[in-house]
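Student: Please see the structure below; I have some questions.
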Amino acid sequence: MFRKETEWDLAKIYTMGELLVEIMRIEKDKPLDSTDIFKGPFPSGAPAIFISAAAQLGNHTKIWGGVGHDKFGDMLLKRLAGDGVDISCVNVSDTGATGAAFVSYDGSGEREFIFHLDNTAASDISFVETADIPDFFHVMGCSLTINLPVKTQIEHACSYFSAAGAKISFDPNIRPSLLRGRDIMSVAGQIIQCCSIFLPGFDELVLFAEGRTGLKDAAYFLLDRFPALEIIHVKLGKKGSRIITRKIDMDIPVYPIEKKYPIVDPTGAGDSFDAAFVSGIAAGMNLEEAARLAAKAGAINSTALGPMAGDIRGNIGRELV
């Protein structure tokens, strides 16, 4: 299915999408339509969080994206380069500002976002075909919703790398509000057709499975429909996750991080989860080992304020070596 190495061999894991800073409320139940205190900026953007975690886990990493020629952009580039990410394909714009997101939490932990991405440097993304082919190219569905030019660039990169032998991993990460009335396949159909590892939440799985609400039925519908699809790993929040392939159906528990540390900020947990799972598979772990590593990475990233603040390198980076 995937490469299996007898000794540790660094994988190439690349991604493409929005780079932004996140500015968040420091108290719960402070909605974004009222005046109150924020904290930040924090480096963020789902692809950035993913590739930061993948780099901390010891992979060769690269990201295609865009930032402004400003202090926010400087902070993002410094953070990614410090984690070991190749930022040579990040455009630095002299005209557009770095993208930003504002977030608040209610008492139940639900989040509200305001994004400033379109018409910022976050949407200044371009892909040029290259002989540098990764083992895995990861796509975040939220990146496909920024605007049509960004979507087109990501689809081009995905098709090119897939044809060259790379495996495609895909986290749809698409809230219904981002669809703006569009059908999910019109937004992400080209990506899932060449996807090998699919990493949805349950609601996203149902969207792709045309409304089938049984998790197993929905997963098998997709496995039957898309021949390239090999692994579906569904994130189920506090219930853990579930892996379904054409031969395996496996439940994975949550990592019990709260026995030692409180959950501070869940933003970025799913992106870190993705990075650890893909890294584990690329390193030759079996599905259960990779899934448990993913659960641990997501949990660790939730214990610090900021989407990229969890110490993944210090806590689990050596488990792949």
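Read the figures in this text as sums done on the coordinates, not as results from a lab. These numbers come from a predicted model, not from an experiment. Note that each Cβ is placed from the backbone with ideal geometry, even for glycine, and that neighbours are counted across all protein chains shown.
Student: Could you bin all the Cα-Cα distances of region 1-155 into 10 Å bins starting at 0 and give me the percent of pairs in each, rounded to whole numbers?
Tutor: 11, 37, 32, 15, 4, 0
Student: Using only alpha carbon positions, build the gyration tensor of region 12-311, then give the equivalent ellipsoid semi-axes as the square roots of 5 times its eigenvalues, largest first, whole angstrom.
Tutor: On the way: eigenvalues 140, 108, 73 Å².
That gives 26, 23, 19 Å for the three semi-axes.
Student: Which of the listed residues, 211, 232, 250, is farthest toward the dipole's positive end in region 192-252, when Lys, Arg count +1 and Asp, Glu count -1 at the beta-carbon?
Tutor: 250
Student: Separate question: Please turn the phi angles of region 67-76 into ³J(HN,Hα) values with the Karplus equation 6.51 cos²θ - 1.76 cosθ + 1.60 (θ = phi - 60°), one per residue in order, whole Hz, x for glycine and proline.
Tutor: My calculation for region 67-76 gives 9, x, 7, 8, 5, 5, x, 4, 5, 4 Hz in order.
Student: Continuing with the same structure: Quick one, can you get me the convex hull of the C-alpha atoms of region 83-208 expressed as volume per residue in Å³? It would help to have the intermediate numbers written out before the result.
Tutor: Values: hull volume 17.8 nm³, N = 126.
That works out to 142 Å³ per residue.
Student: Pop the C-beta distance of residue 119 and residue 228 into the FRET formula with R0 = 35 Å and round what comes out to the nearest 0.05.
Tutor: Values: r = 34 Å, r/R0 = 0.97.
For residue 119 and residue 228, the calculated efficiency is 0.55.
Student: Within region 173-265, what percent of beta bridges assigned by DSSP are antiparallel, to the nearest 5?
Tutor: Restricted to region 173-265, the bridges split so that about 75 percent are antiparallel.
Student: Based on Cα coordinates alone, diagonalise the gyration tensor for region 222-301, multiply each eigenvalue by 5, take square roots, and list the semi-axes in whole Å, largest first. Let's see the in-between values first.
Tutor: Working: eigenvalues 113, 31, 26 Å².
For region 222-301, the semi-axes come out at 24, 12, 11 Å.
Student: Rank 123, 272, 88 by mean-square fluctuation in a GNM of the chain with C-alpha springs under 10 angstrom and give only the top-ranked residue.
Tutor: For the chain, modelled as a Gaussian network with Cα springs under 10 Å, the answer is 88.
Student: Assigning unit charges at the beta carbon (Lys, Arg +1; Asp, Glu -1) and nothing else, what dipole magnitude in debye, to the nearest 20, does the chain show about its Cα centre?
Tutor: Details: 32 positive and 41 negative charges, 124 e Å.
It works out to roughly 600 debye.
Student: Tell me which lysines have Cα within less than 28 Å of residue 12's Cα, excluding those fewer than 8 residues away on the same chain?
Tutor: Partners found: 4, 62, 78, 151, 167, 235, 247, 296.
Student: At 0.36 nm per residue, and after removing the present C-alpha to C-alpha distance, how many nm does the segment from residue 128 to residue 147 gain when stretched out fully? List each step's numbers first, then the result.
Tutor: Values: separation 19, 0.36 × 19 = 6.84 nm, distance 1.88 nm.
Separation in residues times 0.36 nm, less the Cα-Cα distance, equals 5.0 nm.
Student: Additional query: Where q = 0.13, 0.19, 0.21 Å⁻¹, what log10 of I(q)/I(0) comes from the Debye formula for region 168-301, counting one point per Cα?
Tutor: Once normalised to I(0) and log-transformed, intensities are -0.53, -1.10, -1.31.
Student: Related question: Normalising by the residue count of the chain, find the relative contact order in percent from Cα pairs under 8 Å and 6+ residues apart.
Tutor: Values: 722 pairs, mean separation 58.1, N = 321.
For the chain, the relative contact order is 18 percent.
Student: Still on this structure, please answer the following. Suppose only helical runs count, i.e. DSSP H with n ≥ 4. What mean residue ellipticity at 222 nm does that imply for the chain under -39500 (n - 2.57) per run, divided by all residues and rounded to the nearest 500 deg cm²/dmol? Can you show the working numbers first?
Tutor: Working: 10 runs with 106 residues, N = 321.
That calculation yields -10000 deg cm²/dmol at 222 nm.
Student: Moving on. Test of understanding: in a Gaussian network model of the chain with alpha carbons linked when under 10 Å, which of 256, 134, 47 would top the mean-square fluctuation ranking?
Tutor: 256
Student: Right, something else. Order these by the 10 Å Cβ neighbour count, fewest first: 220, 255.
Tutor: Exposure proxy ranking, most exposed first: 220, 255.
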